[in-house]
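What follows is calculated from the coordinates using simple rules that are stated; it is not laboratory data. Keep in mind that what you see is a predicted model, and the values were worked out from it rather than measured. Because the Cβ atoms are built from the backbone with ideal geometry, glycine has one as well, and the counts that use them run over all protein chains shown.
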Amino acid sequence: MKESEVLSQVSLIVSKSESFAEGLEQVRILLEGVLGAQALHVELPAREPSSPKDLAARTAAELLDTLERPYRSFYVVPLRGRGKELGKLVACYADDESRGAVLERVSNFVGQQLGMLWERTCLAQNRARLEKQLAAVRQDLATRKAVQRAQGILVTRGMTSRSAKLWLSLQARHRGFSLLQMAQRVVAEDFVRRQNPEPEQEQCKIA
């Protein structure tokens, strides 16, 4: 496979990878098949979020000691994203340095591509975390609004605001509902009651 084809395949793998670990492994398999790569090892700063432990735990020297076959050349290149160095990529090859120029160019390209993938993975993780936080805030807001409405309904039936809130909490726990579900149930049943008034309906009787 020509050098340009290898680079194209690396770029394609990175663009399609859903995780950093997946992309790294597929690139390793590709380079093993076409260039005799024996290992790709990534060293990332400990401060980076969600750093894959199996990638960050070992040093380059420790990695070289674990290779089953003797390596003939290895390269340490920057892992880059948006012009910043995010870590190091150590690439070990069975081929000797007679192909050093090609191996070095490929290693540098892989470092750039994996750097972009790592950055993309971090951004996706941060976005997922923020979306989760936003969903929690929305859920909390919806619960507060529903509880306030339910409290208002119960107050009109003779409860104090404090006892109404306590009643909602106890009923939710007793019936296996969330506080939001219990409040929504009170609001819904009050709507039905107002649509179909029953003069002798017992106050605060929630089915």
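Residue-wise HN-Hα couplings along the range 153-160, as the Karplus relation 6.51 cos²θ - 1.76 cosθ + 1.60 with θ = phi - 60° gives them from phi, are 5, 5, 5, 5, 9, x, 7, 7 Hz; Gly and Pro carry x. Summary of packing: across the peptides 164-175, 25-36, the per-residue average of other C-beta atoms within 10 Å ranks them, highest first, as 25-36, 164-175.
Annotation: peptides 85-94, 107-116, ranked by per-residue average of other Cβ atoms within 10 Å with the highest first, follow the order 107-116, 85-94.
When each of the peptides 139-152, 120-133, 178-191 is scored by the mean number of other C-beta atoms lying within 10 Å of its residues, the order from highest to lowest reads 178-191, 139-152, 120-133.
Across the range 131-195, the fraction of Cα-Cα pairs farther apart than 13 Å, rounded to a whole number, is 62%.
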